[in-house]
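Data first, discussion second: the structure below is written as structure tokens.
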Amino acid sequence: MRTKPVDRIVAEGGQGEGGELKRTMSLLQLTLFSVGATLGTGIFVVLGEAVPLAGPAVVLAFVLAAVTALFSALSYAELAGTIPVSGSSYSYSYATLGELVAWVCGWCLLLEYAVSVSAVAVGWGAYLSAFFDDAAGFTIPAALSGPPGEGGVVNVPAVVVVVFATLLLLRGTSESATANTIMVFLKVGVLLFFCAVAFTAFDSGNLSSFAPMGWAGISAAGSKVFFSYIGFDAASTAGEEAKNPRRDLPLAIVLSLAIVTAVYVLVGLAAVGAMHWERFELSGTEASLAQVLDEATGRTWPSMILSLGAVIAIASVVLTVMYGQTRILFAMSRDGLVPPVFQRVSPRRRVPVANTIIVAVFIGTLAAVIPLGRLVDATSIGTLFAFALVNVGVIVLRRTRPDLPRGFRAPLYPVTPLAGVAFCLYLMVGLGGVTWTVFALWCLVGLAAYFLYGRRHSRLATEPSGKGAA
């Protein structure tokens, strides 16, 4: 139950073994980092699985997920402006709820970030296949474009995009941020192009049975599409590489969520208006937006443009979420809870090289052999749990350290964090029993790892009695 003092967490910011991280990221880059980590994950990949659950009311499912994310985003914004370090909700939990809870949170973040990158990489492969099919009539062999159990042997395109992101991250944070900025602008442009084309085929009759499965369907779809909001907290993992973290981190988190929600609702409405919701289930492909354009125009060139944009743009999700994964492991390693190799910083490039390579190998393996649907649900439950802890952390820190300087305060306290906890638990309940079983097993493995390694190597544990308490 030992907590790590906030002042010490902040003082250690940027320090790693062999060097320190470099502060290079502006407000624009931080905002686009969060947008890059979020936008595309749900619209390009998960929409086709969510529409059959809710029908045209999938638009309301996006709003439900957005409201859930908003409460947690406000809590993230407060803690990011108070504890501006790389560990995100792991570090916030360490300062407020104790080492064991922080470990479980960090363990869930490993599930959130690593598995979400793997899921997006799988979707990237689907759009790459669609682009090749439209542009050259060439289809990537099923054995090389799908996981075992879905007609494939290994998903090679998913591995390729992970390697691409890894090479960018190893070049440096500034170079990665610049590449992400370009890809985000391209991604938004492609989605606006989709809306422009889809609205030309908009048929109000497609919305006549707006919520065929009622509120239960909307809620189930909300749990599914919450996956598409994972990533708005990416800016919080850049706390030690932001130029003005106390001011910019809260702004970046809230701005990115607003941008992403507006785009999701617009694209979702255009999609279900252009193609009847029952057709989504029949299409049988992750590349659902390309299918919409094919049916709306009867031509291949619009879907070819969309697929090319998705191929480039979804790569930004892989890049930014992999970045967040490495920085959380960096913070956990600095606290002694995972091996020291994860905090070693290259003196020349100022990035954790070994950390990045290890994460890439793990993510690439998952993406190569595991189907998309299982990845999405496993990611959502781990994320919702971590978000709930962040909301609780705001309440605890307001009570225990009201004196701390805060770059942002969640409005309507304590309603905001309490509502955040309630919405997270509500969406967690909407996930299936298999997902809960996987989550429970993941937590048990994490607890075993903590008691076998983390508890004995914790830097706070090696200090004289009393120094580790807040």
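Laboratory data are not the source of any read-out in this text; all were calculated from the coordinates shown. Remember, predicted model here, so these are calculated numbers, not experimental data. FYI the Cβ positions are ideal-geometry reconstructions off the backbone, even for glycines, and counts take in every protein chain you see.
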Worksheet item: Per-residue ellipticity at 222 nm for the chain, helices alone: DSSP H runs ≥ 4 residues times -39500 (n - 2.57), over residue total, nearest 500 deg cm²/dmol?
Response: -22500 deg cm²/dmol
Practice prompt. Using the Karplus curve 6.51 cos²θ - 1.76 cosθ + 1.60 with θ = phi - 60°, work out ³J(HN,Hα) for each residue of the range 168-174 in order, rounded to whole Hz, and write x for Gly and Pro.
Written response: 5, 4, 6, 6, x, 5, 4
Response to the item:
For the range 6-457 the mean separation of alpha carbon contacts under 8 Å (6+ apart) over residue count, i.e. relative contact order in percent, is 35 percent
Practice prompt. Measure off 7 Å from each Cα along the Cα-to-Cβ vector at Arg23 and Leu144, then give the distance between these two points in nanometres to one decimal.
Written response: 4.8 nm
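Among 161-174, 85-98, 207-220, how do they line up from the highest to the lowest mean number of other beta-carbon atoms within 10 Å? List each step's numbers first, then the result.
On the way: 161-174: 19.4, 85-98: 27.9, 207-220: 15.7.
In decreasing order of mean packing, 161-174, 85-98, 207-220 become 85-98, 161-174, 207-220.
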Worksheet item: According to a simple spin-label model (label point 7 Å from Cα along Cα-to-Cβ), what is the distance in nm between Thr365 and Val265?
Response: 4.3 nm
Response to the item:
For the range 6-457 (alpha-carbon point model, no solvent) the Debye-based log₁₀ I(q)/I(0) at q = 0.11, 0.13 Å⁻¹ works out to -0.79, -1.12
Discussion item. What are the ³J(HN,Hα) couplings of the range 60-76, residue after residue, when phi is run through the Karplus curve with 6.51, -1.76, 1.60 and θ = phi - 60°? Round to Hz, x for glycine and proline.
Written reply: 5, 4, 5, 5, 4, 5, 5, 4, 4, 5, 4, 4, 5, 5, 5, 5, 4
Worksheet entry | Burial ranking of peptide ranges 185-197, 309-321 (average Cβ count within 10 Å, highest at the top) | 309-321, 185-197
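Fully extended, how many nm does the chain gain between Ala422 and Trp215 (0.36 nm per residue separation, minus their Cα-Cα distance)?
On the way: separation 207, 0.36 × 207 = 74.52 nm, distance 1.76 nm.
Computed gain between Ala422 and Trp215 is 72.8 nm.
Just check the range 104-217 against the gyration tensor rule for me: Cα atoms, a ≥ b ≥ c as the square roots of the eigenvalues, rounded for a/c under 1.5, and otherwise prolate or oblate depending on whether a/b exceeds b/c.
Since a/c stays below 1.5, the shape of the range 104-217 is classed as rounded.
Show me 101-108, 425-432, 266-273, 222-229 ranked by packing, highest mean number of other Cβ atoms within 10 Å first.
Working: 101-108: 25.0, 425-432: 16.8, 266-273: 23.2, 222-229: 28.6.
Going from most to least packed, we get 222-229, 101-108, 266-273, 425-432.
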Worksheet item: Between Trp436 and Glu278, 0.36 nm times their residue separation minus their Cα-Cα distance comes to what?
Response: 54.1 nm
Practice prompt. Step through the residues of the range 187-195 one at a time and calculate ³J(HN,Hα) from phi using the Karplus curve (6.51 cos²θ - 1.76 cosθ + 1.60, θ = phi - 60°), rounding each to whole Hz and writing x for Gly and Pro.
Written response: 4, 5, x, 5, 5, 5, 4, 4, 4
Practice prompt. Search the structure for amide H atoms under 5 Å from the amide H of Met25, placed 1.01 Å from N in the peptide plane, and list their residues when 5 or more places away or on another chain.
Written response: Ala242, Lys243
